[in-house]
Amino acid sequence: MKQVQRAICFVGLLVALALSQSAIADSSVARGPEAPWVEILDVPARDPLYADRIQGGLHYLLSEYQIQPTEGGWETYHRISYKIVDRTGLESAASISLEFDPEAEIVTLNRLNIIRDGEIIDQRQVARIQTARREPDAERGVFDGRLTAYINLDDVRVGDVIDWASTSRHSPAVGKHLFYAAFEVEWTVPVGRFRVKAFTPPGRELVYTSRETELQADLVTEGGIKALVWDVINPEPINDQPNAPADFPVQGRIEISSTRDWADIVAAVRPHYQLNRTLPETFKTKIASIASRYASAQDRLIEAMRIVQDDIRYVSLSIGTGTYIPRSPEEVIASGFGDCKDKSLLLAIALRSLGIEADVALTHSFEGAALLQRLPAVSVFNHAIVRARIDGRPYWIDPTNYLQGGRADTIVVPQFAYALPLTDDTAALEPIPRPRLVEPTSSVLETFDMPRADEPMTLRVETTYRADSADWMRYKLMNESPAKLSNNYLKYYDGLYPGISRVAALDISDDRDANIVKVVERYELSAAKLKADGLIKEFPLKADIALGDFPTPSSVDRVAPVWIGQPVFKQHTTLVRNLKARFRAPENSAQDVAPFAALTAVTKATDTSFQVIWTFMTFTDQVSPAYLSRYSKRLDDFWANSKWTFDFTYVAKPGE
């Protein structure tokens, strides 16, 4: 679907159905009229009230969903109509796409009309449908098997209304009795009418919840069947809110579910994660070796984790039933790869064989903080991890990590906020604690030796990575050549000290158990280049504390908090030696404390040396919209205090 339609249909009008897959042979898109259960709505006339908010040359007139239960699944009817208001909308208006899972859905194109000057030009039977498998995440080892049907309409003109609809029949393999749908009911562009109609399964009730919207459901009865209906006419468009926290509903949101009980989700999914399976002999031998070499449960936990993380490569075949059902340990070991479900199941079984309580837990990799607001459903999760317990203490492990360092008490906890353990006694989401940082996760020590006479200046840089920074750097070192990394570092320093050259290869050390990675760089700058363009007289010292990672959205019409990221604790020390005797350092150290972060710069000087220790840390992961203008000013202050310039010109002492 065209770009703006994606914003409307797959973001603005998101409908996430909690349906896993079962095989369906026919992967083509059928053509046929709407089913008798579908209520046909009139396309609203264009309302010019919010015409100045139109984007991409399209004015959306109608978007609706109608959902009804079927034998062993659900049918979803979706219709969208839009008017082409200027030339910029022609390309996107004529290009329509339908994405579907051929093993889970049967898709029927119900209508495809061009409405021109009141005349309906029916394109449903004549339009050419081309189907392709895109796999946009293939480079990350994720394959979902979804197909996209493309339609390109002929002879589309400015002023035309495009009116199309399709029905998808879903056949779930997991939780056949469960249903979930989510709708966002506010958008950044005008929408003439948005409507959702969800029929209640016979003999059952649907529950629903809403956040940041006053839109209420109407309960209607048609032919003895109840339905929930939400209907909104020409709502005022909202402003985009980039960098909002995952748990903040930027758009008003409504959710519908067949249950309020997370235990129902566990009951549907847990049978596919049986932990009493036998491990393959080759893998069992590795686990037995761990048992013989390590007595403590904590050590066994880490060694088993490393085998699954390091030896089983990550590939996700989320095709058909593979979306929610893991492959067997035999398949995973034989193939040498697995996804989060496969690796979590394998690790949980391995840990249990080592006498450690362990279970698979479901979470969301980037919206975990929002899970507490969701109604129970299988589809609110996109990731699986492991929760182990030793002496009552939980240990959360993500088996899809690679080369993770630390031991049981120092391993970095996955930052997913909440998870649902698949256990008999699970009735609620469980929080994943986020430990407070007590030491810098990266520390830089730069040592400059200034020259005398015509000798070169030398620079030694030692960077120490700890905790999650060490895990990140260890992975980076495995996936990026030392030569490329060294060149990137050289470019950074050449930007500060033009003409600087590398005098040695990177010196890299890694203590995986302590989770500490050290990288040492060595450079020199000739005396001539040090004097060129007055560099020695305005010599820059800059702290590498990742200020560039902080978002800087506008405060105009801001209503959402700004998410500034995971906790940060960095330190950067610069030591300059062999200075002139008359050098005088700043008298006062800098200290800049804001509600969200603090930067201190402590200086120390002698007649021949000068040292600055910058320390930067954050106190929160988000900033309120009311503070945003001051937040931008404080970031500017941090930038100003993270780079200073000095006159380090060497002046000989009397008698030299």
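Please give the charge dipole size of the chain, origin at the Cα centre, charges +1 on K and R Cβ atoms and -1 on D and E Cβ atoms. Round to the nearest 20 debye.
Working: 73 positive and 87 negative charges, 305 e Å.
It comes to approximately 1460 debye.
Karplus couplings for segment 549-564 from phi (6.51 cos²θ - 1.76 cosθ + 1.60, θ = phi - 60°), rounded to Hz, Gly and Pro as x?
7, 7, x, 9, x, 6, 8, 5, 6, 7, 10, 9, x, 9, 7, 9
Debye sum, Cα scatterers, segment 3-258, no solvent: what log₁₀ I/I(0) at q = 0.07, 0.16, 0.17 1/Å?
Per q value, in the given order, log10 I(q)/I(0) is -0.24, -1.38, -1.54.
Across segment 238-244, in residue order, what do the Karplus-derived ³J(HN,Hα) couplings come to in whole Hz, using 6.51 cos²θ - 1.76 cosθ + 1.60 with θ = phi - 60° and x for Gly and Pro?
9, 8, 5, 10, x, 6, 6
Based on the Cα atoms of the chain, what semi-axes does the equivalent ellipsoid have, where each is the square root of 5 times one gyration tensor eigenvalue, given in whole Å with the largest first?
Details: eigenvalues 563, 239, 101 Å².
Equivalent-ellipsoid dimensions as semi-axes: 53, 35, 22 Å.
Please enumerate, by chain and number, the lysines with C-alpha under 18 Å from the C-alpha of residue 286, excluding those fewer than 8 residues away in the same chain.
Within the straight-line cut-off, residue 286 pairs with 343.
For the pair residue 504 and residue 212, what calculated FRET efficiency results from E = 1/(1 + (r/R0)^6), where r is the Cβ-Cβ distance and R0 = 56 Å, to the nearest 0.05?
0.50
Given the peptides 108-115, 200-207, arrange them by the average over their residues of other C-beta atoms within 10 Å, most packed first. Write down the numbers at each step before the final one.
Working: 108-115: 20.1, 200-207: 13.6.
Packing proxy ranking, top to bottom: 108-115, 200-207.
Please give the net charge around residue 592, taking every other residue with its beta carbon less than 15 angstrom from that of residue 592, where Lys and Arg add +1 and Asp and Glu add -1.
Value of the local net charge: +3.
Return P(r) of segment 298-371 (all Cα-Cα pairs; 5 Å bins starting at 0; whole %; ordered from short to long distances).
Binned Cα distances yield the sequence 3, 16, 24, 24, 19, 10, 4, 0.
Could I have the simple spin-label model distance between residue 148 and residue 604, label points 7 Å from Cα toward Cβ, reported in nm to one decimal?
The two pseudo-label positions are separated by 5.8 nm.
Which value at 222 nm does the chain reach when only helices count, each DSSP H run of 4 or more adding -39,500 (n - 2.57), with the total divided by all residues and rounded to the nearest 500 deg cm²/dmol?
-5000 deg cm²/dmol
With the Cα gyration tensor of segment 442-646 in hand, give its eigenvalues times 5 under a square root as the equivalent ellipsoid semi-axes, listed largest first in whole angstrom.
Over the Cα atoms of segment 442-646, the ellipsoid semi-axes are 31, 23, 15 Å.
If one computes P(r) from the Cα atoms of segment 82-125, what percent of pairs lie at distances over 18 Å?
Distances greater than 18 Å cover 45 percent of the Cα pairs.
Of all DSSP beta bridges in segment 434-590, what percent run antiparallel (nearest 5)?
75
Would you kindly state how much longer the chain becomes between residue 486 and residue 409 on full extension, computed as 0.36 nm times their sequence separation minus their alpha carbon distance, in nm to one decimal? Provide the component values of the computation, followed by the final result.
On the way: separation 77, 0.36 × 77 = 27.72 nm, distance 3.30 nm.
Full extension of this stretch gives 24.4 nm more.
Using 0.36 nm per residue of separation minus the Cα-Cα distance, give me the extension gain between residue 389 and residue 566 in nm, one decimal.
Going from the current span to full extension adds 61.2 nm.
In segment 270-302, which trypsin sites (Lys or Arg not before Pro) are in a loop and have at most 16 other Cβ atoms within 10 Å, using DSSP for the loop call?
Of the trypsin sites (Lys or Arg not before Pro), the ones in loops of segment 270-302 whose Cβ has at most 16 other Cβ atoms within 10 Å are 277.
So which GluC sites (Glu not before Pro) in segment 430-506 are both in a DSSP loop and have at most 14 other Cβ atoms within 10 Å of their Cβ?
In loop regions of segment 430-506 (DSSP not H, G, I, E or B), the sparsely surrounded GluC sites (Glu not before Pro) are 480.
In degrees, nearest 10, range 0 to 90: what is the angle between the Cα axis of helix 297-311 and the longest Cα principal axis of the chain?
70
So what is the relative contact order for segment 364-413, in percent, with contacts set as C-alpha pairs under 8 Å and at least six apart? Spell out each step's value before the answer.
On the way: 35 pairs, mean separation 11.7, N = 50.
The normalised contact order for segment 364-413 reaches 23 percent.
With a cut-off of at most 16 other beta carbons within 10 Å, and DSSP calling the residue loop, which chymotrypsin sites (Phe, Trp or Tyr not before Pro) in segment 214-314 qualify? Please list them.
Here the chymotrypsin sites (Phe, Trp or Tyr not before Pro) that fit, given the DSSP loop and packing criteria, are 294.
List the equivalent ellipsoid semi-axes of segment 493-534 in whole Å, largest first, each obtained as the square root of 5λ for an eigenvalue λ of the Cα gyration tensor. Please report the intermediate quantities before stating the final value.
Numbers: eigenvalues 198, 18, 7 Å².
Over the Cα atoms of segment 493-534, the ellipsoid semi-axes are 31, 10, 6 Å.
Quote the convex hull volume per residue of segment 36-81, based on C-alpha atoms, as a whole number of Å³.
For segment 36-81, the hull spanned by Cα atoms encloses 87 Å³ per residue.
In degrees from 0 to 90, rounded to the nearest 10, what is the angle of the helix 482-496 Cα long axis to the longest principal axis of the chain?
70
Run through every distinct alpha carbon pair of segment 332-420 and return the Kirkwood hydrodynamic radius in angstroms, one decimal place. Can you show the working numbers first?
On the way: mean 1/r = 0.0725 Å⁻¹.
Evaluated on segment 332-420, it is 13.8 Å.
For segment 174-323, go through all pairs of different Cα atoms, get the mean of 1/r, take its inverse, and jot down that Kirkwood value in Å. Before the final figure, lay out each step's value.
Details: mean 1/r = 0.0488 Å⁻¹.
Taking the inverse mean of 1/r over all distinct Cα pairs, segment 174-323 comes out at 20.5 Å.
How many times 2.2 N^0.38 Å is the alpha carbon radius of gyration of segment 267-431?
Dividing the Cα Rg of segment 267-431 by 2.2 N^0.38 Å gives 0.97.
Length gain on complete extension for the stretch residue 310 to residue 556, per 0.36 nm per residue less the alpha carbon to alpha carbon distance?
83.9 nm
Which of the listed residues, 385, 62, 256, is farthest toward the dipole's positive end in the chain, when Lys, Arg count +1 and Asp, Glu count -1 at the beta-carbon?
Going by the charge dipole, the pick is 385.
FYI, it's all coordinate maths here, none of it is from the lab. Since this is a predicted model, take the numbers as computed values, not measurements. Every residue, glycine among them, receives a Cβ derived from its backbone with ideal geometry; neighbour counts consider all protein chains shown.
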